[in-house]
1. Which of the chymotrypsin sites (Phe, Trp or Tyr not before Pro) across segment 104-153 are loop residues per DSSP, with 15 or fewer other Cβ within 10 Å?
2. Given the pairs Lys3/Lys208; Lys3/Lys240; Lys121/Lys202; Lys149/Lys202; Lys63/Lys202; Lys149/Lys240, which are separated by over 29 angstrom at their Cα positions?
3. Hey, any idea what % of segment 112-252's accessible area is carbon plus sulfur with a 1.4 Å probe?
4. Any idea what angle helix 119-131 forms with the longest principal axis of the chain, computed on alpha-carbon atoms, 0 to 90 degrees, nearest 10?
5. Can you figure out the FRET efficiency of Glu195 with Thr172, using R₀ = 22 Å and their beta-carbon distance, to the nearest 0.05?
6. I'd like to check one number: the per residue accessible area of the chain, probe 1.4 Å, reported in Å² as a whole number.
7. Which of these, Gln207, Gln41, Gln133, has the largest mean-square fluctuation under a Gaussian network model of the chain (Cα springs below 10 Å)?
8. Using the Kirkwood radius over Cα pairs, work out the Stokes-Einstein diffusion coefficient for segment 134-252 at 20 °C and 1.002 mPa s, in µm²/s as a whole number.
Amino acid sequence: MGKPGREAVLSLLPRLRREYALDFIVANSENSAGGIGVTPQTADELLGAGISCLTNGNHTFGKREIVPYFTDECRILRPANYPCGTPGRGMGIFPAGQGRRVAVINLMGRVFLEPLESPFKVADRLVEEARKQTPYILVDMHAEATSEKEAIGYYLADRVTAVVGTHTHVQTADERVLPGGAAYISDLGMTGPLESVLGVRKELVLQKFLTQMPVRFEVATDGPTVFCGALIEADDATGKAVAIQRIREVLP
(Lines give C-alpha, C1' and ligand atoms only; values in the text may rest on other atoms or scores of the structure.)
Protein backbone atom coordinates (compact mmCIF):
# COMPACT_ATOMS: atom_id res chain seq x y z
CA MET A 1 0.00 0.00 0.00
CA GLY A 2 1.84 3.05 -1.32
CA LYS A 3 5.37 4.10 -0.41
CA PRO A 4 5.20 2.81 3.20
CA GLY A 5 4.34 -0.66 1.89
CA ARG A 6 7.12 -0.64 -0.68
CA GLU A 7 9.63 0.48 1.93
CA ALA A 8 8.53 -2.35 4.23
CA VAL A 9 9.12 -4.86 1.44
CA LEU A 10 12.59 -3.46 0.74
CA SER A 11 13.42 -3.55 4.45
CA LEU A 12 12.11 -6.99 5.41
CA LEU A 13 12.32 -9.16 2.32
CA PRO A 14 16.09 -9.84 2.38
CA ARG A 15 15.89 -11.19 5.94
CA LEU A 16 12.73 -13.20 5.27
CA ARG A 17 14.33 -14.72 2.18
CA ARG A 18 17.30 -15.91 4.26
CA GLU A 19 15.27 -16.95 7.31
CA TYR A 20 12.76 -19.05 5.40
CA ALA A 21 14.98 -20.07 2.46
CA LEU A 22 12.38 -18.73 0.04
CA ASP A 23 12.36 -20.15 -3.49
CA PHE A 24 9.61 -18.03 -5.01
CA ILE A 25 7.94 -14.79 -3.92
CA VAL A 26 4.64 -13.32 -5.15
CA ALA A 27 3.15 -9.93 -4.22
CA ASN A 28 -0.05 -8.18 -5.19
CA SER A 29 0.98 -4.75 -6.49
CA GLU A 30 -2.32 -3.05 -7.30
CA ASN A 31 -2.04 -0.47 -4.48
CA SER A 32 1.71 0.12 -4.75
CA ALA A 33 1.49 3.54 -6.46
CA GLY A 34 -0.11 6.10 -4.18
CA GLY A 35 -2.58 3.53 -2.87
CA ILE A 36 -4.38 2.93 -6.19
CA GLY A 37 -2.76 1.20 -9.15
CA VAL A 38 0.78 0.32 -10.09
CA THR A 39 3.29 2.23 -12.22
CA PRO A 40 6.34 0.97 -14.13
CA GLN A 41 8.51 2.56 -11.42
CA THR A 42 6.77 0.85 -8.47
CA ALA A 43 6.64 -2.47 -10.34
CA ASP A 44 10.37 -2.26 -11.11
CA GLU A 45 11.09 -1.42 -7.46
CA LEU A 46 9.22 -4.50 -6.23
CA LEU A 47 10.67 -6.84 -8.84
CA GLY A 48 14.13 -5.44 -8.10
CA ALA A 49 13.63 -6.32 -4.43
CA GLY A 50 13.50 -10.00 -5.38
CA ILE A 51 9.81 -10.56 -5.96
CA SER A 52 9.32 -13.22 -8.63
CA CYS A 53 5.84 -12.25 -9.85
CA LEU A 54 3.36 -9.40 -9.33
CA THR A 55 -0.39 -9.96 -9.32
CA ASN A 56 -3.15 -7.34 -9.38
CA GLY A 57 -6.89 -6.81 -9.05
CA ASN A 58 -9.64 -4.25 -9.57
CA HIS A 59 -7.11 -1.35 -9.43
CA THR A 60 -4.84 -2.96 -12.05
CA PHE A 61 -5.16 -0.07 -14.49
CA GLY A 62 -5.55 2.70 -11.92
CA LYS A 63 -2.47 4.38 -13.42
CA ARG A 64 -2.62 4.88 -17.18
CA GLU A 65 1.14 4.65 -17.68
CA ILE A 66 1.18 0.99 -16.63
CA VAL A 67 -0.69 -0.24 -19.72
CA PRO A 68 2.35 -0.77 -22.03
CA TYR A 69 4.25 -2.37 -19.14
CA PHE A 70 1.87 -5.33 -19.20
CA THR A 71 3.02 -6.09 -22.74
CA ASP A 72 6.73 -5.61 -22.07
CA GLU A 73 7.10 -7.33 -18.67
CA CYS A 74 6.00 -10.97 -18.30
CA ARG A 75 6.42 -10.98 -14.50
CA ILE A 76 3.34 -8.82 -13.92
CA LEU A 77 -0.16 -10.28 -14.17
CA ARG A 78 -3.71 -8.93 -14.21
CA PRO A 79 -6.91 -10.89 -13.47
CA ALA A 80 -7.30 -13.62 -16.09
CA ASN A 81 -11.07 -13.17 -16.25
CA TYR A 82 -10.83 -9.62 -17.61
CA PRO A 83 -12.44 -9.32 -21.08
CA CYS A 84 -10.65 -10.61 -24.15
CA GLY A 85 -8.42 -7.89 -25.53
CA THR A 86 -7.46 -6.41 -22.15
CA PRO A 87 -3.70 -5.73 -22.09
CA GLY A 88 -1.56 -8.24 -20.26
CA ARG A 89 -1.92 -11.85 -19.20
CA GLY A 90 -3.64 -13.63 -16.33
CA MET A 91 -1.22 -16.52 -15.90
CA GLY A 92 2.52 -16.93 -15.98
CA ILE A 93 4.93 -19.82 -15.44
CA PHE A 94 8.22 -18.83 -13.85
CA PRO A 95 11.51 -20.49 -12.77
CA ALA A 96 11.81 -21.17 -9.05
CA GLY A 97 15.27 -22.71 -8.70
CA GLN A 98 16.54 -26.29 -8.78
CA GLY A 99 14.71 -26.89 -12.06
CA ARG A 100 11.29 -26.12 -10.59
CA ARG A 101 8.71 -23.90 -12.23
CA VAL A 102 5.73 -22.20 -10.57
CA ALA A 103 2.51 -21.25 -12.32
CA VAL A 104 0.75 -18.18 -10.95
CA ILE A 105 -2.90 -17.55 -11.87
CA ASN A 106 -4.51 -14.19 -11.08
CA LEU A 107 -8.31 -14.21 -10.75
CA MET A 108 -10.88 -11.66 -9.62
CA GLY A 109 -14.18 -12.31 -7.89
CA ARG A 110 -17.54 -10.97 -9.08
CA VAL A 111 -19.42 -10.48 -5.80
CA PHE A 112 -19.51 -6.68 -5.13
CA LEU A 113 -16.98 -6.19 -7.94
CA GLU A 114 -17.09 -5.88 -11.73
CA PRO A 115 -19.18 -8.45 -13.68
CA LEU A 116 -16.26 -10.27 -15.23
CA GLU A 117 -16.18 -13.75 -16.69
CA SER A 118 -16.68 -16.51 -14.13
CA PRO A 119 -13.39 -17.04 -12.23
CA PHE A 120 -14.39 -20.69 -11.79
CA LYS A 121 -14.64 -21.32 -15.52
CA VAL A 122 -11.48 -19.38 -16.28
CA ALA A 123 -9.66 -21.31 -13.56
CA ASP A 124 -10.73 -24.62 -15.11
CA ARG A 125 -9.04 -23.70 -18.36
CA LEU A 126 -5.88 -22.20 -16.93
CA VAL A 127 -5.27 -24.85 -14.28
CA GLU A 128 -5.53 -27.57 -16.91
CA GLU A 129 -3.02 -25.69 -19.05
CA ALA A 130 -0.66 -25.10 -16.12
CA ARG A 131 -0.74 -28.71 -14.91
CA LYS A 132 0.75 -29.82 -18.23
CA GLN A 133 3.89 -27.85 -17.36
CA THR A 134 4.27 -27.87 -13.58
CA PRO A 135 2.71 -29.32 -10.41
CA TYR A 136 3.22 -26.03 -8.53
CA ILE A 137 0.25 -23.73 -9.08
CA LEU A 138 -0.54 -20.65 -6.99
CA VAL A 139 -3.88 -18.84 -7.40
CA ASP A 140 -4.38 -15.24 -6.25
CA MET A 141 -8.14 -14.84 -5.81
CA HIS A 142 -8.72 -11.10 -5.61
CA ALA A 143 -12.22 -10.81 -4.20
CA GLU A 144 -14.43 -8.99 -1.73
CA ALA A 145 -16.56 -11.86 -0.42
CA THR A 146 -14.94 -14.51 1.75
CA SER A 147 -17.61 -16.95 0.58
CA GLU A 148 -16.46 -16.59 -3.02
CA LYS A 149 -12.83 -17.07 -1.98
CA GLU A 150 -13.58 -20.16 0.09
CA ALA A 151 -15.73 -21.58 -2.69
CA ILE A 152 -12.96 -21.36 -5.28
CA GLY A 153 -10.51 -22.70 -2.70
CA TYR A 154 -12.54 -25.88 -2.35
CA TYR A 155 -13.24 -25.94 -6.09
CA LEU A 156 -9.52 -26.06 -6.90
CA ALA A 157 -8.23 -27.83 -3.78
CA ASP A 158 -7.24 -31.06 -5.50
CA ARG A 159 -5.75 -29.34 -8.55
CA VAL A 160 -3.48 -26.54 -7.27
CA THR A 161 -0.83 -25.90 -4.63
CA ALA A 162 -2.48 -22.88 -3.03
CA VAL A 163 -5.37 -20.44 -3.24
CA VAL A 164 -4.69 -17.16 -1.46
CA GLY A 165 -7.10 -14.24 -1.14
CA THR A 166 -6.29 -10.58 -1.64
CA HIS A 167 -8.26 -7.30 -1.78
CA THR A 168 -9.68 -6.58 1.68
CA HIS A 169 -6.35 -5.48 3.24
CA VAL A 170 -7.15 -7.24 6.53
CA GLN A 171 -5.28 -10.49 7.22
CA THR A 172 -7.53 -13.41 8.15
CA ALA A 173 -6.74 -16.18 10.64
CA ASP A 174 -8.18 -19.10 8.65
CA GLU A 175 -5.01 -20.41 7.02
CA ARG A 176 -5.08 -24.19 6.52
CA VAL A 177 -4.42 -26.97 4.04
CA LEU A 178 -7.74 -27.96 2.49
CA PRO A 179 -8.82 -31.54 1.85
CA GLY A 180 -7.35 -32.20 -1.58
CA GLY A 181 -4.01 -30.62 -0.74
CA ALA A 182 -4.21 -26.87 -1.44
CA ALA A 183 -3.02 -24.29 1.08
CA TYR A 184 -5.66 -21.63 1.69
CA ILE A 185 -6.13 -18.26 3.40
CA SER A 186 -9.04 -15.87 2.79
CA ASP A 187 -6.87 -12.76 2.81
CA LEU A 188 -3.12 -12.35 3.05
CA GLY A 189 -3.51 -8.85 4.49
CA MET A 190 -1.90 -5.53 3.66
CA THR A 191 1.69 -4.37 3.69
CA GLY A 192 1.38 -0.70 4.54
CA PRO A 193 0.57 1.83 7.29
CA LEU A 194 -0.71 0.14 10.44
CA GLU A 195 -2.44 3.16 12.02
CA SER A 196 -4.82 3.68 9.12
CA VAL A 197 -8.04 2.41 7.60
CA LEU A 198 -6.93 -0.08 4.96
CA GLY A 199 -3.81 2.02 4.46
CA VAL A 200 -5.66 5.33 4.07
CA ARG A 201 -5.35 8.25 6.51
CA LYS A 202 -7.97 7.42 9.12
CA GLU A 203 -9.25 11.00 9.51
CA LEU A 204 -10.14 11.08 5.81
CA VAL A 205 -12.06 7.81 6.02
CA LEU A 206 -13.88 9.03 9.15
CA GLN A 207 -14.79 12.23 7.33
CA LYS A 208 -16.28 10.20 4.49
CA PHE A 209 -18.34 8.00 6.83
CA LEU A 210 -19.54 10.94 8.96
CA THR A 211 -20.47 13.35 6.16
CA GLN A 212 -21.07 11.11 3.10
CA MET A 213 -19.37 13.85 1.10
CA PRO A 214 -16.67 13.20 -1.51
CA VAL A 215 -13.21 12.88 0.07
CA ARG A 216 -9.86 12.45 -1.66
CA PHE A 217 -8.17 9.50 0.03
CA GLU A 218 -4.43 9.61 0.75
CA VAL A 219 -2.06 6.90 1.94
CA ALA A 220 -1.22 7.27 5.63
CA THR A 221 2.43 8.10 6.26
CA ASP A 222 2.78 8.38 10.04
CA GLY A 223 3.41 5.60 12.53
CA PRO A 224 4.44 1.96 12.17
CA THR A 225 4.11 -0.20 9.07
CA VAL A 226 2.73 -3.73 9.00
CA PHE A 227 4.05 -6.45 6.68
CA CYS A 228 1.56 -9.26 6.01
CA GLY A 229 1.73 -12.43 3.96
CA ALA A 230 2.01 -16.19 4.15
CA LEU A 231 4.68 -18.86 3.79
CA ILE A 232 3.62 -21.93 1.82
CA GLU A 233 5.59 -25.17 1.71
CA ALA A 234 4.91 -27.66 -1.08
CA ASP A 235 5.82 -31.29 -1.63
CA ASP A 236 8.35 -31.78 -4.42
CA ALA A 237 6.82 -35.04 -5.60
CA THR A 238 3.21 -33.90 -5.91
CA GLY A 239 3.13 -30.11 -5.79
CA LYS A 240 0.57 -30.35 -2.99
CA ALA A 241 0.86 -28.02 -0.01
CA VAL A 242 2.52 -29.37 3.12
CA ALA A 243 1.93 -26.32 5.32
CA ILE A 244 0.89 -22.67 5.34
CA GLN A 245 2.01 -20.13 7.92
CA ARG A 246 0.79 -16.57 8.34
CA ILE A 247 3.46 -13.87 8.47
CA ARG A 248 2.79 -10.53 10.17
CA GLU A 249 5.54 -8.18 11.28
CA VAL A 250 5.32 -4.58 12.44
CA LEU A 251 8.09 -2.11 11.67
CA PRO A 252 8.43 1.01 13.85
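1. Values: sites: Phe112, Phe120, Tyr136; in loops: Phe112.
Filter output for segment 104-153: Phe112.
2. Working: Lys3/Lys208 23 Å; Lys3/Lys240 35 Å; Lys121/Lys202 38 Å; Lys149/Lys202 27 Å; Lys63/Lys202 23 Å; Lys149/Lys240 19 Å.
From the list (Lys3/Lys208; Lys3/Lys240; Lys121/Lys202; Lys149/Lys202; Lys63/Lys202; Lys149/Lys240), the Cα-Cα distance tops 29 Å for Lys3/Lys240; Lys121/Lys202.
3. On the way: 4000 of 7180 Å².
With neighbouring chains kept in place, the figure for segment 112-252 is 56 percent.
4. 50 degrees
5. Once the sixth-power term is evaluated, E becomes 0.60.
6. Values: 11880 Å² over 252 residues.
With all protein chains present, the chain gives 47 Å² per residue.
7. The residue with the greatest mean-square fluctuation here is Gln207.
8. Answer from the Stokes-Einstein relation: 138 µm²/s.
The values are calculated or read from the model by the stated rules, or taken from the named source; none is laboratory data. Everything quoted here is computed from the prediction, not taken from an experiment. Note that each Cβ is placed from the backbone with ideal geometry, even for glycine, and that neighbours are counted across all protein chains shown. For accessibility, only protein heavy atoms count, side chains too; no ligands or nucleic acids. Shrake-Rupley method; radii C 1.70, N 1.55, O 1.52, S 1.80 Å.
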